[in-house]
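Inspection log for the structure reproduced underneath, given as structure tokens.
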Amino acid sequence: MFENIAESRSDPLLQLIADYAADTRPDKIDLGVGVFKDENGQTPVLASVKAAEQRLVQDQESKSYVGMLGDLSFGRAVSELVLGSDPASGRLTSLQTPGGCGALRLLFETVKLARPDAIVWLPSPGWANHPAIVDGVGLKFETYPYYDPTTSNLRFDDMREHLQGLSINDVVLLHGCCHNPTGANLTPEQWDEVAELAVERGFLPFVDLAYQGFGTGLDADAYGARRLATRVPELLIAYSCSKNFAIYRDRTGAALTLSAGTDNAKRILAQMTRIARADYSMPPDHGAAVVSTILHDESLRAQWMQELEAMQQRLSGIRAGVSAAFRQRLGNDHFDFVATQEGMFSLLGLAPEQVARLRDEHAIYMAGDSRINIAGLSEAQIPVFVEAAANVL
């Protein structure tokens, strides 16, 4: 049956992981894999998560299915975390998914069902898996200008001009905060403009919110999603708990939809439930139960927020350290942008040959487009990294 199956190109990031693992040099640095790491290079289990898990072990009486909608208390808690304490009554739906990717897939499948000829517009540059998910659903996708790697500047004027040419047949994917791979985010004023353009032109905004709390703070990082929710009749949000709760392997996410009316909301939820049944049937429970336990307990929630703030401050501190070290080493402000961006990622603007030299000559691993995971650096490694980068410039 499978003798004629085509070969698949290997995922560059997976190959990078394998190459790093095979490297025997003791001073190697991994800036490729997109997971948070502490100063010791570990991805920790948060104390709030451990406490919630212990409570579940003691109190959970069944491992039966939770249903295709998932944990309803989780859905309500995440909806409030994203949209505030007063989400749009009757127009908002939520469905627990296997991670943020599960939410993306489910929502794009819903778009395909509603409008098969829709065009999905992705930011350029953007996350490498977005095109694969859209293509896998069978939708067409194009790109809109977002960031210039050669100048390390947001291309908002070009983005605005592009959005002005869109219409009701278009879906615009927006990174809610901590843009991957650039770390360059829209300002509140720019989000306001995008929201007004969505109302004026009629395109459907689709927010991928995977790093809430890693940028400026929980509320600030949700500004774009909340602004859109107050202005547009329809909105899609794919949410991931992988980063801000550090539960990557538990695959915990949510698909949120805001509809023009309650009847539309009911139909959309029914269709998403049907799609979910065919895709994966029931979502995994453990991660959602942990998140729900934390968000519904005042003490655990306060503890989690302190841990989340500590992760955010570590990212900001490493950014400031990298920027300052480059300024001192090079005598210019070329890499000052690293400190002004947010989240785990920055796009350094290096050529592929320079990225290869960093790997081969200095045991520093990063994606081929020079995207680095800021959290992959410890404070002690900053001068080592900067010196190596300076040597290949």
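The values are calculated or read from the model by the stated rules, or taken from the named source; none is laboratory data. Quantities reported herein were computed from a predicted structural model and do not represent experimental measurements. Please note: Cβ atoms are built from the backbone with ideal geometry, for glycine as well, and neighbour counts cover all protein chains shown.
Which members of the range 121-154 meet the condition of being outside any helix (DSSP H, G or I) and within 16 Å of LEU104 (Cα to Cα)?
Quick first cut of the range 121-154, residues outside any helix (DSSP H, G or I) only: 121-128, 138-154.
Selection gives TRP121, LEU122, PRO123, GLY126, TRP127, ALA128, GLY138, LEU139, LYS140, PHE141.
Would you please name the residue that is modelled with the lowest pLDDT, looking only at residues in the range 23-51 that are surrounded by 17 or more Cβ atoms within 10 Å (Cβ to Cβ) and within 30 Å of LEU300 (Cβ to Cβ)? Filtering the range 23-51 for residues that are surrounded by 17 or more Cβ atoms within 10 Å (Cβ to Cβ) and within 30 Å of LEU300 (Cβ to Cβ), the one modelled with the lowest pLDDT comes out as VAL33.
Scanning the range 323-352 for residues that are out of contact with any Ser or Thr (no Cβ under 8 Å at 6 or more places or on another chain), over 15 Å from ASN185 (Cα atoms), of a type in the set (A, V, I, L, M, F, W, C) and in contact (Cβ under 8 Å) with a residue 40 or more places away in the chain yields ALA325, PHE326, LEU330. Would you check if there is a residue in the range 82-89 being surrounded by fewer than 21 Cβ atoms within 10 Å (Cβ to Cβ), outside any loop (DSSP other than H, G, I, E, B) and assigned by TED's automatic domain parsing to the domain that holds GLU200? Looking for residues that are surrounded by fewer than 21 Cβ atoms within 10 Å (Cβ to Cβ), outside any loop (DSSP other than H, G, I, E, B) and assigned by TED's automatic domain parsing to the domain that holds GLU200, one finds none in the range 82-89, hence no. Taking the condition in a helix (DSSP H, G or I), of a type in the set (Ser, Thr, Tyr) and within 20 Å of the chain's Cα centre (by Cα), does SER299 pass? So SER299 fails the test.
Report whether or not PHE36 is outside any loop (DSSP other than H, G, I, E, B) and under 30 Å from ARG227 (Cβ atoms). Please lay out each step first, then the result.
On the way: outside any loop (DSSP other than H, G, I, E, B): no; under 30 Å from ARG227 (Cβ atoms): yes.
So PHE36 fails the test.
Candidates are the residues of the range 67-81 that are among the small types (Gly, Ala, Ser) and farther than 21 Å from VAL207 by Cβ; the one that is surrounded by the most Cβ atoms within 10 Å (Cβ to Cβ) is SER73. Taken over the range 50-81, residues that are farther than 27 Å from PRO131 by Cα and part of a helix (DSSP H, G or I) amount to 17.
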